[in-house]
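Engineer: This is the structure I have questions about; it appears just below.
The values are calculated or read from the model by the stated rules, or taken from the named source; none is laboratory data. Keep in mind the model is a prediction, meaning the values are calculated, not measured. Using ideal geometry, Cβ is built from the backbone for each residue, glycine included, and neighbour counts are taken over all protein chains shown. SASA here: full protein model, heavy atoms, side chains in, ligands and nucleic acids out. Shrake-Rupley method; radii C 1.70, N 1.55, O 1.52, S 1.80 Å.
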Amino acid sequence: MAVLREETHTEHAARGSQSPAGGGAPALPPVGSPPRARSRWPKRAELLLLIGPALVVFVAFVILPVALAAYYGFFSWSGYGAATDFVGLRNYVTILTDPAFLEALSHNAFIVVMSLVLQGPLALGIALLLNRRLRFQSLIRVLIFVPYVISEVVVGLGWSLMLQSNGALNGLLEKVGLGGLATDWLSDPSAAIWTLLVIITWKYVGFAVILFLAGLQGIPDEITEAARIDGASYWQVQRYIVLPLMGPTVRIWAFLSIIGSLQLFDLVWIVWGQYVAGTAGTSTMATYMVANGRNAGSYGYGNAVAVVIFLISLVVALLYQRFILRRDSAVTTTGGAH
């Protein structure tokens, strides 16, 4: 009997030592098994393989050019040979005290505000109209979006030919008896900046319309149908339901419009050129950079201007993200719980 109890006790202890849920110590992993940390390396290698090419492109075409521009901005450099004439912050002081640059900055600020004021309501109205069932709806969408996909060079040349003193627009006004309205749309400082805004609106309103249409189609039909059943009119539905739900889309478009307006160059340069843009009041920071940098043979100064434009755009983007887009990001992260 003593031998039997001893064997039973021995078997019970052995079973307890093999069961991790028992009172004994957990079983040790088999000898030679790799640590758990090693199993993470394949995932890290896969992640590095996926983001590696994009990271290389970002560093090569964004980070490195900005760093080189910041470096050459401290030199008086003609673009040939090594940059040896170190001038420190003199280029930046000259930029920030140059009346021509400050005027160009004011033009950019004016374009930012007026682009939002003109393009936003116009694009939203067209999007609301096209969101309804209309005849030739697809054709109208294509015609509105076509100007956005046309090259800036083609757009600039076409508008510059139409808006000359003896161009098509003044000729049309004279034929319909409105010759008194004819003016020099490109050289008159009182009209040139508004001409630029018309061109920009015609060119980019199609992008805003398509973006707003995508946002409108993302609104569930059940919400608007429930409001109509409750007796809400069409305009009440648009004002109290559709427009608030369109808020994130409108804010994203506004952000893209602001950054694009701060970096506006091609249309101004093609339509007005280097010299007319300054006298007509349509110069921008980008045209100032090219005119006083590359075309003037002062690449160090031009790089400094590029850095200033980059910093202004970065500050605006960070402030916009901090005070306007932060709520949308928080709602997306929490899944709309708050």
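Engineer: Return the residues of the range 264-305 that are surrounded by fewer than 22 Cβ atoms within 10 Å (Cβ to Cβ) and either farther than 26 Å from SER190 by Cβ or of a type in the set (D, E, K, R) (or both); say none if nothing qualifies.
Structural biologist: Scanning the range 264-305 gives ASP266, GLY293, ARG294, ASN295, ALA296, GLY297, SER298, TYR299.
Engineer: Another question about this same structure. How many residues are small (Gly, Ala, Ser), part of a helix (DSSP H, G or I), out of contact with any Gly (no Cβ under 8 Å at 6 or more places or on another chain) and open to solvent by 40 Å² or more (accessible area, probe 1.4 Å) if we restrict to the range 79-114? Before the answer, list the steps.
Structural biologist: Here is the first cut: in the range 79-114, the residues small (Gly, Ala, Ser) are 79, 81-83, 88, 100, 104, 106, 109.
Still in the running and part of a helix (DSSP H, G or I): 100, 104, 106, 109.
Next, only the ones that are out of contact with any Gly (no Cβ under 8 Å at 6 or more places or on another chain) stay: 104, 106, 109.
Filter again for open to solvent by 40 Å² or more (accessible area, probe 1.4 Å), leaving 106, 109.
The number of residues fulfilling the criteria is 2.
Engineer: How do the pairs read when you match residues in the range 115-143 that are outside any helix (DSSP H, G or I) with residues anywhere that are open to solvent by less than 70 Å² (accessible area, probe 1.4 Å), using Cβ under 8 Å and keeping only pairs 6 or more apart or on different chains?
Structural biologist: Every condition considered, the pairs that remain are ASN131/LEU213; ASN131/LEU216; LEU134/ILE140.
Engineer: Name the residues in the range 235-246 that are surrounded by 13 or more Cβ atoms within 10 Å (Cβ to Cβ), part of a helix (DSSP H, G or I) and not β-branched (Val, Ile, Thr), would you? Spell out how you get there, then give the answer.
Structural biologist: From the range 235-246, those surrounded by 13 or more Cβ atoms within 10 Å (Cβ to Cβ) are 236-238, 241-243, 245-246; that's our starting set.
Remaining after also requiring part of a helix (DSSP H, G or I): 236-238, 241-243, 245.
Passing the criteria: GLN236, GLN238, LEU243, LEU245.
Engineer: So GLU225 fits all but one of (1) closer than 17 Å to VAL117 by Cα; (2) open to solvent by 60 Å² or more (accessible area, probe 1.4 Å); what number is the exception?
Structural biologist: Looking at each condition in turn, GLU225 falls short on (1).
Engineer: From the list GLY218, GLY231, GLY273, GLY278, which residue is among the small types (Gly, Ala, Ser) and in contact (Cβ under 8 Å) with a residue 40 or more places away in the chain? Talk me through it step by step, then tell me what you get.
Structural biologist: On the way: GLY218 fails: in contact (Cβ under 8 Å) with a residue 40 or more places away in the chain; GLY231 fails: in contact (Cβ under 8 Å) with a residue 40 or more places away in the chain; GLY273 fails: in contact (Cβ under 8 Å) with a residue 40 or more places away in the chain.
Result: GLY278 is the single residue among GLY218, GLY231, GLY273, GLY278 that is among the small types (Gly, Ala, Ser) and in contact (Cβ under 8 Å) with a residue 40 or more places away in the chain.
Engineer: Would you mind telling me which numbered condition in (1) assigned to a helix (DSSP H, G or I); (2) free of Cβ contacts under 8 Å to residues at least 24 places away in the same chain ALA69 fails?
Structural biologist: (2)
Engineer: Quick check, is PHE212 of a type in the set (A, V, I, L, M, F, W, C), assigned to a helix (DSSP H, G or I) and open to solvent by 50 Å² or more (accessible area, probe 1.4 Å)? Walk me through it before giving the result.
Structural biologist: Values: of a type in the set (A, V, I, L, M, F, W, C): yes; assigned to a helix (DSSP H, G or I): yes; open to solvent by 50 Å² or more (accessible area, probe 1.4 Å): no.
When the stated conditions are applied, PHE212 does not pass them.
Engineer: Condition first: small (Gly, Ala, Ser) and at negative phi. Now tell me which residues in the range 261-275 satisfy that.
Structural biologist: The initial filter retains those residues of the range 261-275 that are small (Gly, Ala, Ser), namely 261, 273.
Correct list: SER261 only.
Engineer: Out of the range 152-169, which residues are open to solvent by less than 60 Å² (accessible area, probe 1.4 Å) and not aliphatic (A, V, I, L, M)? Lay out the reasoning, then the answer.
Structural biologist: Step one: of the range 152-169, the residues open to solvent by less than 60 Å² (accessible area, probe 1.4 Å) are 152, 155-156, 158-160, 163, 167, 169.
Listed by number, the residues that qualify are GLU152, GLY156, GLY158, TRP159, SER160, GLY167.
Engineer: Still on this structure, please answer the following. In the range 170-185, what residues are in a loop (DSSP other than H, G, I, E, B) and exposed (fewer than 14 other Cβ atoms within 10 Å of the Cβ)?
Structural biologist: If we filter the range 170-185 for residues that are in a loop (DSSP other than H, G, I, E, B), which is where we start, we get 176-178, 182-185.
Within the range 170-185, VAL176, GLY177, LEU178 meet the criteria.
Engineer: Here is a further query. Any idea which residue in the range 56-77 is surrounded by the fewest Cβ atoms within 10 Å (Cβ to Cβ), counting only those that are over 27 Å from ASN91 (Cα atoms) and within 19 Å of the chain's Cα centre (by Cα)? Talk me through it step by step, then tell me what you get.
Structural biologist: Keep residues of the range 56-77 that are over 27 Å from ASN91 (Cα atoms), which gives 56-58.
With the extra rule that they be within 19 Å of the chain's Cα centre (by Cα), the set shrinks to 57-58.
On the way: VAL57: 10, PHE58: 12.
Only one residue tops the list, namely VAL57.
Engineer: Continuing with the same structure: Give the residue, chosen from ALA21, ALA54, ALA69, ALA83, that is at negative phi and modelled with pLDDT under 80.
Structural biologist: On the way: ALA54 fails: modelled with pLDDT under 80; ALA69 fails: modelled with pLDDT under 80; ALA83 fails: modelled with pLDDT under 80.
One residue alone meets the criteria, ALA21.
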